[in-house]
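Just below is one structure, and these are the notes that go with it.
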Amino acid sequence: MLVLLPPSQGKAPAEQGDPVDLAALSWPSLTATRRRVLVAASRLARTRAGREALGAGSEQLRPEAERTTRWRTEPARPAAELYTGVLFDALDLPSLDDAATARAHERVVVASAAWGAVRLPDRVPGYRLSMGVPLPDLPRLATLWRDPLRAALDPVAEHGLVVDGRSADYAAAWTPRGDAAARTVSVRVLREVDGRRSVVSHMAKHTRGLVARALAVEPAEPTTPEDLRDLLAAALPPLVRDATAVSVRGAEGVAVELGEPARDGRRVLDVVLR
């Protein structure tokens, strides 16, 4: 089973340690594209206009852009420790026991504009780059990553479910095809108030983190979309009740609903907070 997550904008960069070893990251076939992207992002981050394009134009965020210029020498740390923010706070990797940690390391793949895709143990430095940022002399990042990610991830998706918690811009870089599409379930989070449903971004990120946590904590591996629905219907309510996020707190119930297959077989699983 693959659990696909977006990266977080917030990061906790390492203060010391060895720099990234591109050849040691998961999917070494992505090395050439990773280097192209990082070189271009480093060039962009050296100018004020470039830092603004990266979303790091303020003095407060300037250090993030500067780390991008030093990607070859900047200390690296496991992605599990680097990424912070709402989703990863909900996933709460440090609190998992050894067995759940091993399942998270095996199942979770983090999409990235800089790295393409990484697993949680992969050591990477702090950086500032999102999938929608145009880089000089390169195609759109989602387009640039598409063929390399197909070659890297299609074989990984040949067996088992693909649980997709990515946002649309990261999903555009790689989409399971063929038989894998019929085993792909995209997670959508809705808030229902007085019978009306809406999407709240902050709440959606937090709840997707809880979904990833449930799939690490539960020893059973669902093999069908229906299995996934049933597992989450049982596992999510106590996680939501214990959540401290303001956007989730106060939800009195959780419904997990599985939609009908799309033309290519993909399904949407709605987590509805009431």
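Take residue 133 and tell me if it is touching a residue at least 24 places away in the same chain (Cβ under 8 Å) and part of a strand (DSSP E or B).
It is false that residue 133 is touching a residue at least 24 places away in the same chain (Cβ under 8 Å) and part of a strand (DSSP E or B).
Looking only at the stretch 145-170, which residues are of a type outside the set (Asp, Glu), in contact (Cβ under 8 Å) with a residue 24 or more places away in the chain and closer than 22 Å to residue 133 by Cα? Before the answer, list the steps.
Of the residues in the stretch 145-170, the ones of a type outside the set (Asp, Glu) are 145-146, 148-153, 155-157, 159-163, 165-168, 170.
Keeping just the survivors that are in contact (Cβ under 8 Å) with a residue 24 or more places away in the chain gives 145-146, 148-153, 156-157, 160-163, 165-167, 170.
Within the stretch 145-170, 145, 146, 148, 149, 150, 165, 166, 167, 170 meet the criteria.
Restricting attention to the stretch 48-81, and to residues there that are modelled with pLDDT of 95 or more and either of a type in the set (Gly, Ala, Ser) or part of a strand (DSSP E or B) (or both), which single residue is farthest from residue 36 (Cα to Cα)?
Only one residue fits best here, namely 80.
Condition test on residue 45, is it in contact (Cβ under 8 Å) with a residue 60 or more places away in the chain, of a type in the set (A, V, I, L, M, F, W, C) and farther than 24 Å from residue 1 by Cα? Before you say what the answer is, go through the steps one by one.
Values: in contact (Cβ under 8 Å) with a residue 60 or more places away in the chain: yes; of a type in the set (A, V, I, L, M, F, W, C): yes; farther than 24 Å from residue 1 by Cα: yes.
Yes.
State whether one or more residues within the stretch 8-17 are touching a residue at least 40 places away in the same chain (Cβ under 8 Å), of a type in the set (D, E, K, R) and in a loop (DSSP other than H, G, I, E, B). Break it down stepwise before answering.
Narrowing the stretch 8-17 to residues touching a residue at least 40 places away in the same chain (Cβ under 8 Å): 8-17.
Okay, now just the ones that are also of a type in the set (D, E, K, R), so 11, 15.
Now narrow it down to the ones that are in a loop (DSSP other than H, G, I, E, B): 15.
Yes, the stretch 8-17 contains a residue that is touching a residue at least 40 places away in the same chain (Cβ under 8 Å), of a type in the set (D, E, K, R) and in a loop (DSSP other than H, G, I, E, B).
Answer yes or no: is there a residue in the stretch 203-213 that is at negative phi and at pLDDT below 90.
So in the stretch 203-213, the residues at negative phi come out as 203-213.
Now narrow it down to the ones that are at pLDDT below 90: 203.
Yes; the residues of the stretch 203-213 include at least one that is at negative phi and at pLDDT below 90.
Quick test for you: out of 76, 102, 114, pick the one residue that is in contact with a helix residue (DSSP H, G or I) (Cβ under 7 Å, 6 or more places away or on another chain) and among the aliphatic types (A, V, I, L, M). Outline the logic, then answer.
Working: 76 fails: in contact with a helix residue (DSSP H, G or I) (Cβ under 7 Å, 6 or more places away or on another chain); 102 fails: in contact with a helix residue (DSSP H, G or I) (Cβ under 7 Å, 6 or more places away or on another chain).
The unique qualifying residue is 114.
Out of (1) crowded, with 22+ Cβ neighbours inside 10 Å; (2) within 23 Å of residue 204 (Cα to Cα); (3) touching a helix residue (DSSP H, G or I) at 6+ places or on another chain (Cβ under 8 Å), what's the single condition that is false for residue 65?
The failed condition is (2).
Please go through (1) under 20 Å from residue 261 (Cβ atoms); (2) surrounded by fewer than 17 Cβ atoms within 10 Å (Cβ to Cβ) for residue 137 and return the number of the only condition it doesn't satisfy.
(1)
Got a number for residues in the stretch 1-32 being surrounded by 19 or more Cβ atoms within 10 Å (Cβ to Cβ), touching a Leu at 6+ places or on another chain (Cβ under 8 Å) and closer than 25 Å to residue 159 by Cβ?
Summing the residues that are surrounded by 19 or more Cβ atoms within 10 Å (Cβ to Cβ), touching a Leu at 6+ places or on another chain (Cβ under 8 Å) and closer than 25 Å to residue 159 by Cβ in the stretch 1-32 gives 6.
Any idea which of (1) crowded, with 19+ Cβ neighbours inside 10 Å; (2) within 24 Å of residue 96 (Cβ to Cβ) is the one residue 217 doesn't satisfy?
Of the numbered conditions (1) crowded, with 19+ Cβ neighbours inside 10 Å; (2) within 24 Å of residue 96 (Cβ to Cβ), the odd one out for residue 217 is (1).
Filter the stretch 82-113 down to residues that are surrounded by fewer than 21 Cβ atoms within 10 Å (Cβ to Cβ) and in a loop (DSSP other than H, G, I, E, B), then give me how many there are.
Residues flagged as surrounded by fewer than 21 Cβ atoms within 10 Å (Cβ to Cβ) and in a loop (DSSP other than H, G, I, E, B) within the stretch 82-113 amount to 5.
Among the residues of the stretch 82-96, write down those that are in contact with an Asp or Glu (Cβ under 9 Å, 6 or more places away or on another chain) and modelled with pLDDT under 95. If you could, list the steps in order and put the result at the bottom.
Step one: of the stretch 82-96, the residues in contact with an Asp or Glu (Cβ under 9 Å, 6 or more places away or on another chain) are 93-94.
Of everything in the stretch 82-96, nothing turns out to be in contact with an Asp or Glu (Cβ under 9 Å, 6 or more places away or on another chain) and modelled with pLDDT under 95.
Mind listing just one residue for me: the one in the stretch 146-165 that is farther than 19 Å from residue 261 by Cα and within 15 Å of the chain's Cα centre (by Cα) and, of those, surrounded by the fewest Cβ atoms within 10 Å (Cβ to Cβ)? Write out each step before concluding.
Step one: filter the stretch 146-165 for residues farther than 19 Å from residue 261 by Cα, giving 146-156.
Imposing the further condition that a residue be within 15 Å of the chain's Cα centre (by Cα) reduces the set to 149, 153.
Values: 149: 21, 153: 24.
Restricting to residues being farther than 19 Å from residue 261 by Cα and within 15 Å of the chain's Cα centre (by Cα), the top hit is 149.
If you go through the stretch 164-182 one residue at a time, how many are within 27 Å of residue 206 (Cβ to Cβ) and part of a loop (DSSP other than H, G, I, E, B)?
Step one: filter the stretch 164-182 for residues within 27 Å of residue 206 (Cβ to Cβ), giving 164-176.
Filter once more, so that each one left must be part of a loop (DSSP other than H, G, I, E, B): 165-167, 172-176.
Looking only at that region, the number is 8.
Go through the stretch 136-150 and count every residue that is of a type in the set (A, V, I, L, M) and assigned to a loop (DSSP other than H, G, I, E, B).
Here is the first cut: in the stretch 136-150, the ones of a type in the set (A, V, I, L, M) are 138, 141-142, 144, 149.
Subsequent filtering for residues that are assigned to a loop (DSSP other than H, G, I, E, B) retains 138.
Number satisfying all stated conditions: 1.
The values are calculated or read from the model by the stated rules, or taken from the named source; none is laboratory data. Just so it is clear, the structure is predicted and the values come from calculations on it, not from any experiment. Positions of Cβ are backbone-derived with ideal geometry, glycine not excepted, and every protein chain shown enters the neighbour counts.
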